[in-house]
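Engineer: Handing you this structure, nothing more for now.
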Amino acid sequence: MKVGLFIPCYMDQFYPQAAIATYKLLLKLGCDVEYPEGQTCCGQPLANAGNEAASRGSYLHFVTMFEKYDYIVAPSGSCVYHVRHHFDTLDQTDAVKKVRAKTLDLTEFLLDVLQISSLPAKYPHKVGLHQSCHGLRGLHLATSSELVNKPAASKLHELLSMVEGLTLVELDRKDECCGFGGTFSVKEPAISVKMGKDRIRDHFSKGAEVITAGDMSCLMHLEGIISRQNIPIKVIHIAEILNSDEI
Amino acid sequence: MMPHAQKAAIFNKDEARTDWHDASLWMVRKKRDFAVSEIPEWEFLREFASDIKMHTLSKLDDYLEAFEKAAIQNGAIVHWAADAKEHNDIVLSILNKHQAKKMVKSKSMLTEECHLNEFLELHEIEVIDSDLGERIIQMLNEPPSHIVLPAIHLKKEEIGELFHRELHTEKGATDPQYLTEAARHHLREKFHTAQVALTGVNFGIAETGEVVVCTNEGNADMGVHLTPVQIHSMGIEKLIPRRSDLAVFTRLLARSATGQPVTVFTSHHRNPKPAGEMHIILVDNGRTEQLGKPDFRSSLKCIRCGACMNTCPIYRRSGGHSYETTIPGPIGSILTPGIDLKKHGQLPFASTLCGSCTDVCPVKIDIHTQLYKWRQIVSEAGLPEAGNKTMMSIMGNGLASPSFFHRLGNIGRKLLRLFPGKERFLSFTVWTKDRDLPKAPVESFREWYAKQAKDAQ
Ligand code: SF4
């Protein structure tokens, strides 16, 4: 089984440690994983800003880059959602169909394909879990709080429960949006920042030392506010926790 | 028209008030969560309701004709209004026919949409909104900020102040019971002197030709019962085929709206009173056009429960007035661009596409997908919200080219490393007004990967 690793553009540049953790974790779990160096962007930033037509080129490039892999794994529910859901505007060739079907978020890949039930990970900290929206409501990585599906499931919870020493805090609002929203964060800065502040407050007031999520973009936005306001709380991608062996 | 972002920024200046507004609506959302969690078949009901609505919309012409026929048989007078103007003219002609100078009105977002009050006031007709929330904002001369809770943006102290001014209640009184009582007395007098009553319609039943109005205060019924002439203004998408379908919707509506199992009153109006008149006005006003757009057709399933507003993290933090539309919030942002793209084209961008609206919607409208699709249309129309088209296509080509892409990313990161006092240096950018930029690492993942691949060789 050959796995192609997709790393979102901003992670490549600003959060290499989260990408490295993803890569190492996959290696650790015995995957034959490769990072195709010609990769660019899934096209989401432009498309969400209303310019789907302009992102066609990057869609096609993504397909060319990744069609040869059995699975395409990305540490980002948001990019994965974009590939799976919004590549429907391309001609549905075999390659496009395959890439759409086989592109998975890291957490789905671990649980649904590798079917892991334990991890050699240790992270003795109080952690707040932020459910990134595209993973949550787009990929159904968890049952959103709006739905009445019982029993409620959450892939991120399941994975974090495998980590030794980790305590999850209970939030007042377990899946409210952080306010990033790509283009939204600069089009509507007032609400975007306010939403972020409110999320941070929820985590911080419950004693979380660290906020984690499946999408680094949410965390980048939250980190920007945390840093500006000097709040003693950190952000960390879930891959870093799952790959952690901190003593 | 002021952009939504700007209105939202003004709203957010008073952070305590923003928190209060957010918390009030979140409480409604939580009540809804509790109410729906009691119904194990909730998701099935949503699916069922969605199917009924989609079916009805697919044969809307047939069902409208069936409805009209049944209503006429019941003794009602049925009118067809292509747009707001025709609707208002019809209402005025009914009032004139009866030489009525006073009309009580309740529970009608449609007449808000048609700006009926302003129109009738020009013709010297007094319109009294009889629902308490609607009455409050009418006294203030403000539009509703929410479709179910029209005065949710006001604090009880502000309402006390208003009532003191208008209804001479005690100064400083804030007790909701006392204020409601005062409003009731004031309204009673109006009820007795009005000659015509108008209500909105929650559901029109094609099979029986009756209209169903769901309320908590009963003022809509009171108006209809006390006046000889009743008018029901109804959007053409309000139809459902049979009376037996109604139960699916009454189970969904109040739970989604306020967390009640059912509204206090579910009133069926079918026949005129003896010696009275019953008018039903079927209003299009852009609905058939929306019906003709396959991507947006399903927005007409909306039963106006308001749940998408209560759940929307943006609505809760910007208030209904920031949208400058009759229907604010997520559903308004997919309904109104179809009416006036230039004016409302910015609204699909007032969203993070978090999808909470879609999951909360009792009739399963894929609201956030439609917001995304409207963004594409706004862009194709060349409106500024979607950015400069040429720039975007250059960017698009760049993103498809590995070498361009990598150079661009590296330049960005290195710039940030070169200027560590970046907040100040870049403080003119929107991002950094209240947020820091990420700390730029020495090497990118790509660089790290290339190095370790080489080391491995
Ligand atoms: S779109 Fe759905 S949630 Fe929003 S008001 Fe309409 S029915 Fe309710």
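The values are calculated or read from the model by the stated rules, or taken from the named source; none is laboratory data. The structure presented is a predicted model; accordingly, all values stated were derived computationally and were not measured. FYI the Cβ positions are ideal-geometry reconstructions off the backbone, even for glycines, and counts take in every protein chain you see. Quick note on the areas: whole protein, heavy atoms, side chains included, nothing else; ligands and nucleic acids left out. Shrake-Rupley method; radii C 1.70, N 1.55, O 1.52, S 1.80 Å.
Engineer: Put +1 on the Cβ of each Lys and Arg and -1 on the Cβ of each Asp and Glu in the stretch B:44-285; which of B:THR111, B:LEU140, B:VAL213 then has its Cα farthest toward the positive end of the dipole?
Structural biologist: B:VAL213
Engineer: Also, I was wondering about something else. So which aspartates and glutamates pass the test for B:LYS107, namely a Cα distance under 12 Å, with those fewer than 8 places away in the same chain ruled out?
Structural biologist: Cross-link targets: B:ASP129, B:ASP131, B:GLU134, B:GLU217, B:ASP221.
Engineer: Compute for chains A and B the buried accessible surface, both sides summed, probe 1.4 Å, and express it in Å² to the nearest 100.
Structural biologist: Values: alone 11660 and 22550 Å², together 27950 Å².
Chains A and B together bury roughly 6300 Å² of accessible area.
Engineer: In what order, largest first, do B:ASP366, A:ASP91, B:ASP131, B:ASP14 sit by accessible area if the probe radius is 1.4 Å?
Structural biologist: Values: B:ASP366 55, A:ASP91 115, B:ASP131 10, B:ASP14 80 Å².
Sorted descending by solvent-accessible area, the residues read A:ASP91, B:ASP14, B:ASP366, B:ASP131.
Engineer: When ligands, DNA and RNA are left out and all protein chains stay put, how many square angstrom of accessible area per residue does chain B have with a 1.4 Å probe? All intermediate terms of the calculation are to be shown ahead of the outcome.
Structural biologist: Working: 19440 Å² over 457 residues.
It amounts to 43 Å² per residue over chain B.
Engineer: What aspartates and glutamates does B:LYS101 reach when the alpha-carbon gap must be under 13 Å and sequence neighbours fewer than 8 apart in one chain are set aside?
Structural biologist: Filter leaves B:GLU121, B:GLU124, B:GLU126.
Engineer: With every protein chain left in place, what is the accessible area per residue of chain A in square angstrom, probe 1.4 Å?
Structural biologist: Working: 8510 Å² over 247 residues.
Roughly 34 Å² per residue, with all protein chains present.
Engineer: Ordering A:GLU52, B:GLU443 by accessible area with a probe of 1.4 Å, largest first, what comes out? Write down the numbers at each step before the final one.
Structural biologist: Details: A:GLU52 30, B:GLU443 50 Å².
Of A:GLU52, B:GLU443, the descending order of accessible area is B:GLU443, A:GLU52.
Engineer: Per the 1.4 Å probe, what fraction of the accessible area of the stretch A:2-113, in percent, lies on carbon and sulfur atoms? Provide the component values of the computation, followed by the final result.
Structural biologist: Numbers: 1810 of 3430 Å².
Taking all protein chains in place, the stretch A:2-113 shows 53 percent carbon and sulfur surface.
Engineer: With everything on Cα atoms, drop me the angle between helix B:42-58 and the longest principal axis of chain B, reported from 0 to 90° to the nearest 10.
Structural biologist: That helix lies at roughly 70 degrees to the long axis.
Engineer: If you average the sequence gap of Cα pairs under 8 Å that are 6 or more apart and divide by the length of the stretch B:76-197, what percent do you get for the contact order?
Structural biologist: Details: 124 pairs, mean separation 30.7, N = 122.
Rounded, it is 25 percent for the stretch B:76-197.
Engineer: For the stretch A:2-113, what is the largest minus smallest coordinate of the Cα atoms on each principal axis, given in angstrom and ordered from greatest to least?
Structural biologist: 39, 32, 24
Engineer: If you don't mind, another one. How large, in percent, is the carbon and sulfur part of the accessible surface of the stretch A:126-242 at a probe radius of 1.4 Å? Don't jump to the answer; show the numbers that get you there.
Structural biologist: Values: 2050 of 3910 Å².
Carbon and sulfur: 52 percent of the exposed surface of the stretch A:126-242.
Engineer: What are the lysines whose alpha-carbon lies under 18 Å from the alpha-carbon of B:LYS171, with same-chain residues fewer than 8 places away excluded?
Structural biologist: The qualifying lysines are B:LYS155, B:LYS156.
Engineer: A further question follows. Computing the accessible area with a 1.4 Å probe over protein heavy atoms, can you report the carbon and sulfur percentage for the stretch B:217-366?
Structural biologist: 55 percent
Engineer: Counting only DSSP beta bridges with both residues in the protein assembly as shown, what percent are antiparallel, rounded to the nearest 5? All intermediate terms of the calculation are to be shown ahead of the outcome.
Structural biologist: Values: 9 of 56 bridges.
Here the share of antiparallel DSSP bridges comes out near 15 percent.
Engineer: Moving to a separate point now. Which residues of the stretch B:336-375 bury at least 50 Å² of accessible area once all protein chains are present, versus their chain alone (1.4 Å probe)?
Structural biologist: Residues shielded by partner chains are B:PHE349, B:THR352, B:CYS354, B:ASP359, B:TYR372.
Engineer: Restricting to chain B, what percent of DSSP beta bridges are antiparallel, rounded to 5?
Structural biologist: Numbers: 8 of 34 bridges.
Of all bridge pairs located within chain B, approximately 25 percent are antiparallel.
Engineer: Please report the relative contact order for chain B, taking Cα pairs under 8 Å with a sequence separation of at least 6, and give it as a percent rounded to a whole number. Each step should come with its number before you reach the end.
Structural biologist: Working: 705 pairs, mean separation 88.6, N = 457.
Reported as a whole number, the value is 19 percent.
Engineer: A follow-up question, please. Whole percent per 20 Å bin, from 0 to the bin with the longest distance: what is P(r) over all C-alpha pairs of chain B?
Structural biologist: Each 20 Å bin holds this share of Cα pairs: 21, 51, 20, 7, 1.
Engineer: Using the Cα atoms of the protein assembly as shown to build a convex hull, what is its mean projected area in square nanometres? Present the calculation step by step, with values, prior to reporting the outcome.
Structural biologist: Details: hull surface 127.8 nm².
Taking a quarter of the hull surface, the average projection is 32.0 nm².
Engineer: Taking beta carbons within 10 Å but only from partner chains, what does the mean come to for residues A:167-173? All intermediate terms of the calculation are to be shown ahead of the outcome.
Structural biologist: Numbers: counts 0, 0, 0, 0, 0, 2, 4.
Partner-chain Cβ atoms within 10 Å, mean over residues of A:167-173: 1.
Engineer: I'd like the residues of the stretch A:7-24 whose 1.4 Å-probe accessible area shrinks by no less than 50 Å² going from the isolated chain to the full set of protein chains.
Structural biologist: A:ASP12, A:GLN13, A:PHE14, A:ILE20, A:TYR23
Engineer: Quick check on my link table: of B:LYS31/B:LYS53; A:LYS174/A:LYS194; A:LYS28/A:LYS122; B:LYS343/B:LYS373, which ones sit more than 20 Å apart, alpha carbon to alpha carbon? Let's see the in-between values first.
Structural biologist: Values: B:LYS31/B:LYS53 25 Å; A:LYS174/A:LYS194 17 Å; A:LYS28/A:LYS122 15 Å; B:LYS343/B:LYS373 17 Å.
Flagged as over cut-off: B:LYS31/B:LYS53.
Engineer: Moving on to the next point. In vacuum, with every alpha carbon of the stretch A:126-242 counted as one equal point scatterer, what does the Debye formula give for log10 I(q)/I(0) at q = 0.15, 0.21 Å⁻¹? Two decimals, please.
Structural biologist: Debye curve over Cα of the stretch A:126-242, log10 I(q)/I(0) at q = 0.15, 0.21 Å⁻¹: -0.63, -1.23.
Engineer: Suppose accessible area is computed on protein heavy atoms with a 1.4 Å probe; arrange B:ILE10, A:ILE211 from highest to lowest.
Structural biologist: Working: B:ILE10 95, A:ILE211 0 Å².
Correct descending sequence by accessible area is B:ILE10, A:ILE211.
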